[in-house]
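The values are calculated or read from the model by the stated rules, or taken from the named source; none is laboratory data. This is a predicted model, so every value here is computed, not measured. No Cβ is skipped: glycine too gets one built from the backbone with ideal geometry, and neighbour counts run over all protein chains shown.
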Amino acid sequence: MKSTDRKTLEEIIRVDHAGERGALKIYEGQLLALSTFKNNEKLKKIIEGMKEQENKHFEFFDKEIQKRKIKPTVLLPLWDLLGVALGFGTTMINEKAAMLCTASVEEVIDNHYKNQLDKLGEDEKELKKSISKFRDEEIEHKNTAYDKGATKMGPYSILDKIIQTSSKIAIKVSEKI
Ligand SMILES: [Fe+2]
Ligand SMILES: [Fe+2]
């Protein structure tokens with residue numbers, strides 16, 4: 001039976017805790033733009049729905065981090081700030097950019113969660129079940145984003161690259177510190 005070593009487990013929970021918190025902050029930033037400068041009730045409803053799920057994901061990892069006495073990343077305040085900025089900024093561009101933001105992030109997270117599921121041992125069955133469920137929901141978010149106009153055509157491909165690269169860096173760093 002493959003078991004999970006403590007270091008791997010700490011890294012997995014630390015980074016997921018940071019990532020789900022980041023997701024929450026991105027949507028907060030998007031909703032901030034939608035309640036100030038941009039009027040789009042339809043988009044607001046969609047984002048509120050996704051945010052609801054991110055909140056559950058975050059709460060799960062927040063409990064795990066306490067239960068297992070794992071140190072959260074020291075960069076949480078930075079990710080909060082950048083998350084809100086990314087959400088706000090993309091929504092201020094237009095609806096397509098706002099939806100691309102979700103599509104790009106979720107694409108990275110889909111892979112990230114898949115890697116984690118491969119790394120976790122049989123001794124972490126319950127955790128694997130939760131991550132697997134969250135992964136399905138992130139894939140749903142990605143599909144919703146494409147349904148609602150996310151595109152990687154033309155200049156949007158640059159935005160996609162920026163978001164995906166920053167997300168990957170944030171993941172690497174948050175695993176370690
Ligand atoms: Fe999530
Ligand atoms: Fe998500």
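Data for the structure
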{"quantity": "Matching residues in region 103-154 - criterion: being among the polar types (S, T, N, Q) and surrounded by fewer than 19 Cβ atoms within 10 Å (Cβ to Cβ)", "calculated": "N111, N115, S130, S132, N143, T144, T151"}
{"quantity": "Residue in region 121-138 that is under 23 Å from N39 (Cα atoms) and either within 16 Å of ligand 1 (Cβ to nearest atom) or at pLDDT 95 or above (or both) present", "calculated": "no"}
{"quantity": "Any pair with Cβ under 7 angstrom, 6 or more apart, that starts in region 86-98 at a residue that is within 13 Å of K25 (Cα to Cα) and ends at one that is among the charged types (D, E, K, R) and assigned to a helix (DSSP H, G or I)", "calculated": "G87/K25; G87/E28"}
{"quantity": "Hey, L117 part of a helix (DSSP H, G or I) and either in contact (Cβ under 8 Å) with a residue 40 or more places away in the chain or β-branched (V, I, T) (or both) or not", "calculated": "no"}
{"quantity": "When residues of region 56-113 are limited to those that are of a type in the set (K, R) and more than 16 Å from ligand 2 (Cβ to nearest atom), the one nearest to I139 (Cα to Cα)", "calculated": "K96"}
{"quantity": "Conditions (1) in contact with a Leu (Cβ under 9 Å, 6 or more places away or on another chain); (2) at pLDDT 95 or above: number failed by G149", "calculated": "(2)"}
{"quantity": "K168 basic (K, R), outside any helix (DSSP H, G or I) and touching a residue at least 40 places away in the same chain (Cβ under 8 Å)", "calculated": "no"}
{"quantity": "Output for region 34-53, where each listed residue is free of Cβ contacts under 8 Å to residues at least 60 places away in the same chain and part of a helix (DSSP H, G or I)", "calculated": "L34, E41, K42, K44, K45, I47, E48, G49, K51, E52"}
{"quantity": "Of residues in region 60-102 being touching a helix residue (DSSP H, G or I) at 6+ places or on another chain (Cβ under 7 Å) and among the β-branched types (V, I, T), the one surrounded by the fewest Cβ atoms within 10 Å (Cβ to Cβ)", "calculated": "I70"}
{"quantity": "Selection within region 139-155 - part of a helix (DSSP H, G or I), more than 11 Å from ligand 1 (Cβ to nearest atom) and without any contact (Cβ under 8 Å) to a residue 24 or more places away in the chain", "calculated": "N143, D147"}
